[in-house]
Amino acid sequence: MKFHWFHLMPYPYLPDRFRERYPSVWVDLPAGEIYDPVKGHQVYNDYLDQLEFAERAGFDGICVNEHHQNGYGLMPSPNLMAAALARRTSKAKLIVLGNSVALYDPPTRVAEEMAMLDVLSGGRLVSGFPVGTGMDTAFCYGANPATLREKYREGVELILRAWKTRKPFAFNGKYTQLRYVNPWPVPLQTPHPPIWIPGGGSIETWEWCVENDFLYAYLSYWGYQSGRPVMDGFWETVERLGADRNPYRAGFLQFVGVADNDADAERLYAGPAEYFYNRCFHIGAGYYSPPGYSSVATIRRGVNSAVVQASKHLRTTSVTWKHLIDDGVIIAGSPQTIVDRLNDMADKINVGHVMLLCQFGNMPMETVLYNTARFARDVMPKLRDRFSEHEDRWWPKATVEVQKPASVSIAAE
Amino acid sequence: MFASEIIRHPDGRTSKVFRVGQGPLVVWLHGPRGIRGSDPVIHELAKRHTVVAPLAPGFADLTELDEIRNVHELALHYDDVLQALGLDAVTLIGHSFGAMVAAEVAAHFPRRVARLVLISPLGLWQDQHPLPDMFGQVPYMTIDTLLWKAGKAIPAMADPADEPNDPVERQVAIAQALTSVAKFVWPLPDRGLRRRLPRIMAQTLVIAGGDDRFVPASYVEEFASLIRGAGMAIIPDAAHMVPYEQPADVFRKLDGWIRAGAFSDEAEAASGQKMRQKVKG
């Protein structure tokens with residue numbers, strides 16, 4: 001099993017009585033009224049410190065992602081954060097779970113920036129291509145939801161062709177036409193970095209991932225029990241298409257809080273958890289699934305994405321720590337409790353790549369570091385051997401020695 | 001259900017067209033709620049007219065939209081439909097999204113449309129009067145609160161899917177209808193129609209509900225002012241779904257307009273200003 005430290009970069013100063021005062025944390029939450037860039041300066045730097053600490057603690061990967069006009073996701077450009085991390089880390093893989101390819105014209109911009117990150121980091125990049133949520137794509141970026149997925153697929157196809165071909169060609173697509181496709185630089189990894197597809201339960205995405213041997217990452221915010229129908233659907237698709245049930249084909253996102261015992265966990269993590277679910281996840285119901293975003297087949301299957309679930313969970317009621325623990329949304333408690341639960345998760349949904357949210361909501365710095373260090377020290381070693389019989393073909397393969405930042409100067413005249 | 005036929009486009013695609021009633025022929029282009037089996041507007045129109053009502057592409061099957069990439073290709077699609085039906089110099093009546101389509105057809109193919117009726121038309125954007133977001137409504141994807149005066153659909157239009165009336169199929173029907181509309185109006189319903197409206201040669205009547213919370217009066221006025229000689233009629237006690245909310249008033253106004261000359265050669269020769277006065281009177 002591999003463990004990755006995932007940061008959403010939530011804004012930790014969302015006002016009290018947030019749900020009563022604002023219709024949505026996303027899309028139309030007034031930026032100038034809520035976001036204070038002076039506080040933001042510290043927030044960004046603290047969050048980058050936390051990601052860098054995760055490497056030192058022993059996590060395999062550090063994850064950044066992409067959201068727009070969002071009070072719980074301050075990374076409209078995950079590439080900028082990954083670039084900052086590339087310089088101050090050297091071992092952890094950089095798992096960049098943006099870029100929402102359909103938002104970039106031409107998509108070769110994504111090929112360029114991802115290749116820059118791969119070269120800069122010494123071949124440590126995992127290249128994530130999410131469709132992007134309806135909020136990010138359709139409502140914030142004006143992408144037409146009726147054509148979003150087709151445009152996205154075409155963009156990914158173009159990027160991969162550019163990385164594999166590595167010489168000029170013309171591309172006559174439905175959404176992109178380019179006379180000269182020839183992005184510089186080329187990625188360090190050959191033919192290209194591993195491709196991870198963050199998904200939310202769309203049937204077509206399962207098939208597409210299996211057919212192209214992409215990793216499928218389900219970024220659920222609701223724990224592995226409620227994520228199970230989606231992961232079952234993915235594994236059924238894997239079997240139906242004749243691929244192997246290699247757990248490293250899949251990733252799953254999990255909130256976690258390590259403490260001495262249950263009471264201690266509540267003391268440390270209840271506040272930040274309730275902040276996240278009651279403020280950060282207060283998403284305007286009108287925004288979460290624009291028409292055309294989900295295919296008819298997906299609607300008929302009745303699989304809802306994490307954000308759709310969020311809206312259903314949270315529209316009327318406030319979430320409490322008890323609810324989050326009882327429903328398995330957050331795994332918290334003693335190291336043994338967490339080991340047991342993650343073993344159960346491995347049994348039930350067969351995921352080799354576990355992305356952990358050790359920071360959530362407005363968690364203070366010292367709690368984040370404590371949670372991170374204890375997970376790495378007390379939990380990780382007991383789960384390391386899970387799935388060791390499988391080869392992880394969805395992981396960067398080191399090819400160069402990573403060059404550390406140097407402090408250069410010239411001699412005074 | 002109404003009688004229907006399948007017509008074939010030159011490239012092999014097909015379209016479904018409903019046909020009902022007797023009398024002078026009119027073509028009805030429906031709005032965001034599609035065509036229901038008990039559609040009261042079509043019933044009302046069919047009392048005095050042969051109503052030809054094409055189902056907009058995508059409403060029954062989203063793959064129909066795959067090769068209709070923009071409003072220009074949508075206008076071509078309807079030109080194909082009218083060509084296949086052998087219809088020329090038609091009377092085209094559109095509602096809401098359908099009125100936007102009707103205006104596009106009349107602007108792209110001015111000789112194809114002799115008389116044009118735009119009821120609560122979409123297709124423009126005014127910065128001073130931004131339209132509410134029809135796709136960001138709460139509860140989820142429920143546009144009824146925005147469209148209907150009472151905040152909910154009349155019983156005859158309440159079920160978005162005719163049969164079977166199950167919750168999933170209702171959701172599919174709404175998703176297909178709104179996706180089909182969204183393709184041509186997302187994120188704002190402005191694809192440059194303002195620049196094309198002066199091309200329209202048809203005698204035109206613009207109708208709107210006096211209490212439309214979705215498309216305000218300033219939009220209706222701009223449509224009427226940009227189409228040469230267009231008349232305008234505001235129906236009281238009705239909102240965006242005015243033909244469903246006040247069918248008798250709408251079609252009395254429409255019939256009056258038609259009787260006043262819209263179907264006669266004399267009227268076709270008459271000036272638009274004269275038409276406008278008649279409607280207002």
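The values are calculated or read from the model by the stated rules, or taken from the named source; none is laboratory data. The structure displayed is predicted, hence computed values, not measured ones. For neighbour counting, all protein chains shown are included, and Cβ atoms are generated from backbone atoms with ideal geometry for every residue, glycine included.
Is it the case, given these coordinates, that residue B:76 is at pLDDT 95 or above and either under 27 Å from residue B:250 (Cα atoms) or in contact with a Lys or Arg (Cβ under 9 Å, 6 or more places away or on another chain) (or both)?
Numbers: at pLDDT 95 or above: yes; either under 27 Å from residue B:250 (Cα atoms) or in contact with a Lys or Arg (Cβ under 9 Å, 6 or more places away or on another chain) (or both): no.
In short, no.
Can you spot a residue in segment B:122-143 that is farther than 25 Å from residue B:210 by Cβ and under 16 Å from the mean Cα position of the chain (by Cα)?
Looking through segment B:122-143, none of the residues is farther than 25 Å from residue B:210 by Cβ and under 16 Å from the mean Cα position of the chain (by Cα).
Can you say whether residue B:69 is assigned to a loop (DSSP other than H, G, I, E, B), of a type in the set (Lys, Arg), more than 25 Å from residue B:201 (Cβ to Cβ) and in contact (Cβ under 8 Å) with a residue 60 or more places away in the chain, as far as the supplied structure shows?
Numbers: assigned to a loop (DSSP other than H, G, I, E, B): yes; of a type in the set (Lys, Arg): yes; more than 25 Å from residue B:201 (Cβ to Cβ): yes; in contact (Cβ under 8 Å) with a residue 60 or more places away in the chain: no.
Against the criterion (assigned to a loop (DSSP other than H, G, I, E, B), of a type in the set (Lys, Arg), more than 25 Å from residue B:201 (Cβ to Cβ) and in contact (Cβ under 8 Å) with a residue 60 or more places away in the chain), residue B:69 does not qualify.
For residue B:98, state whether it is under 17 Å from the mean Cα position of the chain (by Cα), more than 14 Å from chain A (Cβ to nearest Cβ) and in a loop (DSSP other than H, G, I, E, B). Working first, answer last.
On the way: under 17 Å from the mean Cα position of the chain (by Cα): yes; more than 14 Å from chain A (Cβ to nearest Cβ): yes; in a loop (DSSP other than H, G, I, E, B): no.
No; evaluated as a whole, the condition is false for this residue.
For residue B:105, which of the numbered conditions (1) buried (at least 23 other Cβ atoms within 10 Å of the Cβ); (2) within 17 Å of residue B:35 (Cβ to Cβ) fails to hold?
(2)
Which condition does residue B:191 not pass, out of (1) assigned to a loop (DSSP other than H, G, I, E, B); (2) more than 14 Å from chain A (Cβ to nearest Cβ), if it passes all the others?
With (1) assigned to a loop (DSSP other than H, G, I, E, B); (2) more than 14 Å from chain A (Cβ to nearest Cβ) applied to residue B:191, the lone miss is (2).
Would a scan of segment A:259-275 turn up a residue that is within 17 Å of residue A:207 (Cα to Cα) and in a loop (DSSP other than H, G, I, E, B)?
no
Looking only at residues that are assigned to a loop (DSSP other than H, G, I, E, B) and either at pLDDT 90 or above or among the acidic types (Asp, Glu) (or both) in segment B:37-47, which one is nearest to residue B:91 (Cα to Cα)?
Step by step, filter segment B:37-47, then rank; the result is B:47.
Within segment A:148-201, track down each residue that is under 15 Å from residue A:109 (Cβ atoms) and aromatic (Phe, Trp, Tyr).
Selection gives A:152, A:163, A:171, A:175, A:180, A:184.
Residue check: is residue B:183 basic (Lys, Arg), out of contact with any strand residue (DSSP E or B) (no Cβ under 9 Å at 6 or more places or on another chain) and either within 14 Å of chain A (Cβ to nearest Cβ) or touching a residue at least 24 places away in the same chain (Cβ under 8 Å) (or both)? Lay out the reasoning, then the answer.
Details: basic (Lys, Arg): yes; out of contact with any strand residue (DSSP E or B) (no Cβ under 9 Å at 6 or more places or on another chain): yes; either within 14 Å of chain A (Cβ to nearest Cβ) or touching a residue at least 24 places away in the same chain (Cβ under 8 Å) (or both): yes.
In short, yes.
Before we move on, is residue B:137 away from chain A (no Cβ under 14 Å), over 27 Å from residue B:26 (Cβ atoms), assigned to a loop (DSSP other than H, G, I, E, B) and not β-branched (Val, Ile, Thr)? Walk me through how you get there before you give the answer.
Working: away from chain A (no Cβ under 14 Å): no; over 27 Å from residue B:26 (Cβ atoms): yes; assigned to a loop (DSSP other than H, G, I, E, B): yes; not β-branched (Val, Ile, Thr): yes.
When the stated conditions are applied, residue B:137 does not pass them.
For residue B:57, indicate whether it is under 14 Å from the mean Cα position of the chain (by Cα) and within 12 Å of another protein chain (Cβ to nearest Cβ). Give the derivation first.
Numbers: under 14 Å from the mean Cα position of the chain (by Cα): yes; within 12 Å of another protein chain (Cβ to nearest Cβ): yes.
In short, yes.
Go through segment A:368-391 and report how many residues are charged (D, E, K, R) and part of a helix (DSSP H, G or I). Give the steps one after another, and end with the answer.
Step one: list which residues in segment A:368-391 are charged (D, E, K, R), which gives A:374, A:377-378, A:382, A:384-386, A:389, A:391.
If we keep only those that are part of a helix (DSSP H, G or I) too, we end up with A:374, A:377-378, A:382.
The number of residues fulfilling the criteria is 4.
Please determine, by comparing only the residues of segment B:11-36 that are assigned to a loop (DSSP other than H, G, I, E, B) and in contact with a Phe, Trp or Tyr (Cβ under 7 Å, 6 or more places away or on another chain), which one is surrounded by the fewest Cβ atoms within 10 Å (Cβ to Cβ). Before the answer, list the steps.
The first filter runs over segment B:11-36 and keeps only residues assigned to a loop (DSSP other than H, G, I, E, B), leaving B:11-13, B:21-24, B:30-36.
Imposing the further condition that a residue be in contact with a Phe, Trp or Tyr (Cβ under 7 Å, 6 or more places away or on another chain) reduces the set to B:24, B:31-32, B:34-35.
Numbers: B:24: 13, B:31: 27, B:32: 24, B:34: 23, B:35: 24.
Once the filter is applied, the top-ranked residue is B:24.
Does segment A:168-185 contain at least one residue that is within 14 Å of chain B (Cβ to nearest Cβ), in contact with a Pro (Cβ under 7 Å, 6 or more places away or on another chain), surrounded by 15 or more Cβ atoms within 10 Å (Cβ to Cβ) and not aromatic (Phe, Trp, Tyr)?
In the first step, residues of segment A:168-185 are kept if they are within 14 Å of chain B (Cβ to nearest Cβ); the result is A:173-177.
Right, trim to in contact with a Pro (Cβ under 7 Å, 6 or more places away or on another chain) and you get A:176.
In the following step, the residues that additionally are surrounded by 15 or more Cβ atoms within 10 Å (Cβ to Cβ) were identified as A:176.
Imposing the further condition that a residue be not aromatic (Phe, Trp, Tyr) reduces the set to A:176.
Yes.
The conditions are (1) surrounded by fewer than 23 Cβ atoms within 10 Å (Cβ to Cβ); (2) over 30 Å from residue B:194 (Cβ atoms); (3) not charged (D, E, K, R), and residue B:49 fails exactly one of them. Which is it?
All conditions are met except number (1).
Might you let me know whether segment A:279-297 holds any residue that is assigned to a helix (DSSP H, G or I), within 14 Å of chain B (Cβ to nearest Cβ) and not charged (D, E, K, R)?
We begin by selecting, within segment A:279-297, every residue assigned to a helix (DSSP H, G or I); these are A:279-280, A:296-297.
This time we only want the ones that are within 14 Å of chain B (Cβ to nearest Cβ), so: A:296-297.
With not charged (D, E, K, R) added as a condition, the list becomes A:296-297.
For segment A:279-297, residues assigned to a helix (DSSP H, G or I), within 14 Å of chain B (Cβ to nearest Cβ) and not charged (D, E, K, R): present.
Can you name the residue in segment A:54-66 that is of a type outside the set (A, V, I, L, M) and touching a helix residue (DSSP H, G or I) at 6+ places or on another chain (Cβ under 6 Å) and is also surrounded by the fewest Cβ atoms within 10 Å (Cβ to Cβ) among such residues? Step through it out loud before you land on a result.
Taking segment A:54-66 first, the residues of a type outside the set (A, V, I, L, M) are A:55-56, A:58-61, A:63, A:65-66.
Subsequent filtering for residues that are touching a helix residue (DSSP H, G or I) at 6+ places or on another chain (Cβ under 6 Å) retains A:58, A:65-66.
Details: A:58: 17, A:65: 24, A:66: 24.
Of everything passing the filter in segment A:54-66, A:58 is surrounded by the fewest Cβ atoms within 10 Å (Cβ to Cβ).
Among the residues of segment A:98-154, count how many are closer than 25 Å to residue B:186 by Cβ and part of a helix (DSSP H, G or I).
Taking segment A:98-154 and keeping what is closer than 25 Å to residue B:186 by Cβ, we get A:98-110, A:129-154.
Filter once more, so that each one left must be part of a helix (DSSP H, G or I): A:101-103, A:108-110, A:134-140, A:148-154.
Counting residues in segment A:98-154 that are closer than 25 Å to residue B:186 by Cβ and part of a helix (DSSP H, G or I) gives 20.
If a residue has to be in a helix (DSSP H, G or I), in contact (Cβ under 8 Å) with a residue 60 or more places away in the chain and in contact with a strand residue (DSSP E or B) (Cβ under 7 Å, 6 or more places away or on another chain) to count, how many in segment A:196-222 make the cut? Don't jump to the end; show me each part of the working.
If we filter segment A:196-222 for residues that are in a helix (DSSP H, G or I), which is where we start, we get A:203-212.
Then keep just the ones that are in contact (Cβ under 8 Å) with a residue 60 or more places away in the chain; that gives A:203-205.
So of that shortlist, the ones also in contact with a strand residue (DSSP E or B) (Cβ under 7 Å, 6 or more places away or on another chain) come out as A:205.
Looking only at that region, the number is 1.
Among the listed residues B:116, B:74, B:87, which satisfies the condition of being closer than 17 Å to residue B:193 by Cα, outside any helix (DSSP H, G or I) and not β-branched (Val, Ile, Thr)?
Values: B:74 fails: outside any helix (DSSP H, G or I); B:87 fails: closer than 17 Å to residue B:193 by Cα.
Checking each option against the conditions leaves just B:116.
Grab the helices (runs of 4 or more DSSP H) fully contained in segment A:8-84, keeping just those with 1 or more residues being in contact with a Cys (Cβ under 8 Å, 6 or more places away or on another chain). Don't jump to the end; show me each part of the working.
Values: elements: A:18-21, A:31-34, A:37-57.
In segment A:8-84, A:37-57 are the helices (runs of 4 or more DSSP H) which contain 1 or more residues that are in contact with a Cys (Cβ under 8 Å, 6 or more places away or on another chain).
Look through A:151, A:93, A:167 and report the one residue that is touching a residue at least 40 places away in the same chain (Cβ under 8 Å) and farther than 24 Å from residue A:26 by Cβ. Show your work before the answer.
Details: A:151 fails: farther than 24 Å from residue A:26 by Cβ; A:167 fails: touching a residue at least 40 places away in the same chain (Cβ under 8 Å).
Result of the check over A:151, A:93, A:167: A:93.
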